[in-house]
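These notes concern the structure reproduced below.
The values are calculated or read from the model by the stated rules, or taken from the named source; none is laboratory data. Keep in mind that this is a model prediction, so the values were computed, not measured. Glycine also receives a Cβ, built like all others from the backbone with ideal geometry; neighbour counts cover every protein chain displayed.
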Amino acid sequence: MERKSFSLEVKEVDSQGIFAGTANVYNIKDLAGDIVMPGTFAESIASKSRLPLLYEHQDAIGIIDVSETDKGVECVGQIALETSLGKDVYALMKMGAITGLSIGFLPLEWKWEGDTRIISKGTLLEVSAVAVPANQLARISEVKAADEAKKELAKLEEEIKTPILAIRLSALRTKILMLRNQVSL
């Protein structure tokens with residue numbers, strides 16, 4: 001198994017340890033001299049899109065769902081905050097100390113162009129949260145702390161209590177029920 005590190009562009013890490021990002025960016029020469037081509041993991045992801053989420057390729061800290069886009073391998077992961085390591089990794093992500101992802105994979109097809117290996121097919125085995133990724137392009141853009149999320153939730157709950165929003169919410173619930181009934185017919 002090979003390991004390939006990429007920077008993690010986390011859009012958000014919420015108070016439940018859920019984050020989204022890019023585990024692999026295509027067409028970028030990394031620090032190991034490899035370029036992963038679009039579609040490299042298409043078959044692998046089609047057969048198994050939920051993978052183990054590890055910390056530094058060692059210990060399991062959660063699960064991660066992967067999908068392929070034009071940009072690369074996008075992912076949504078959930079860190080197990082019930083574990084001490086999960087809590088630690090989550091805290092480090094929030095403070096910006098862990099900003100990268102690394103993929104563990106089996107290369108199946110590649111060619112050499114000089115000293116650069118062009119990888120065109122592989123089996124994705126795991127994704128790891130890492131402190132120092134090989135691909136330096138993507139970075140964490142936002143990490144929501146639990147306190148921030150609680151304040152935002154409280155604000156939204158107060159807004160829902162206002163009369164005009166309560167009426168709109170009731171109308172939306174009625175519309176949703178009607179649509180569900182139509183769909184089930």
Residues of the range 74-112 being part of a loop (DSSP other than H, G, I, E, B) and modelled with pLDDT of 90 or more, in sequence order, are Ala80, Leu81, Glu82, Thr83
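Looking only at the range 38-55, decide whether some residue is hydrophobic (A, V, I, L, M, F, W, C), touching a residue at least 24 places away in the same chain (Cβ under 8 Å), part of a loop (DSSP other than H, G, I, E, B) and assigned by TED's automatic domain parsing to the domain that holds Trp112. Outline the logic, then answer.
The first filter runs over the range 38-55 and keeps only residues hydrophobic (A, V, I, L, M, F, W, C), leaving 41-42, 45-46, 51, 53-54.
Checking the rest, the ones that are also touching a residue at least 24 places away in the same chain (Cβ under 8 Å) come to 41-42, 45, 51, 53-54.
Adding the requirement that they be part of a loop (DSSP other than H, G, I, E, B) leaves 41.
Now narrow it down to the ones that are assigned by TED's automatic domain parsing to the domain that holds Trp112: 41.
Looking through the range 38-55, at least one residue is hydrophobic (A, V, I, L, M, F, W, C), touching a residue at least 24 places away in the same chain (Cβ under 8 Å), part of a loop (DSSP other than H, G, I, E, B) and assigned by TED's automatic domain parsing to the domain that holds Trp112.
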Which residue pairs have Cβ atoms closer than 7 Å, lie 6 or more positions apart in sequence or on different chains, and pair a first residue in the range 58-73 that is outside the structural domain of Tyr26 (by TED's automatic domain parsing) and modelled with pLDDT of 90 or more with a second residue that is surrounded by 15 or more Cβ atoms within 10 Å (Cβ to Cβ) and part of a loop (DSSP other than H, G, I, E, B)? none
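Take the range 41-84 and flag every residue that is aliphatic (A, V, I, L, M) and surrounded by 16 or more Cβ atoms within 10 Å (Cβ to Cβ).
In the first step, residues of the range 41-84 are kept if they are aliphatic (A, V, I, L, M); the result is 42, 45-46, 51, 53-54, 60-61, 63-64, 66, 73, 76, 79-81.
Listed by number, the residues that qualify are Ile45, Leu51, Leu53, Leu54, Ile61, Ile64, Val66, Val73, Ile79, Ala80, Leu81.
Yes or no: Ile35 at pLDDT 80 or above, closer than 15 Å to Glu126 by Cα and either of a type outside the set (S, T, N, Q) or assigned to a helix (DSSP H, G or I) (or both)? Write out each step before concluding.
Working: at pLDDT 80 or above: yes; closer than 15 Å to Glu126 by Cα: no; either of a type outside the set (S, T, N, Q) or assigned to a helix (DSSP H, G or I) (or both): yes.
Against the criterion (at pLDDT 80 or above, closer than 15 Å to Glu126 by Cα and either of a type outside the set (S, T, N, Q) or assigned to a helix (DSSP H, G or I) (or both)), Ile35 does not qualify.
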Can you find a residue that is β-branched (Val, Ile, Thr) and modelled with pLDDT under 90 anywhere in the range 113-134? yes
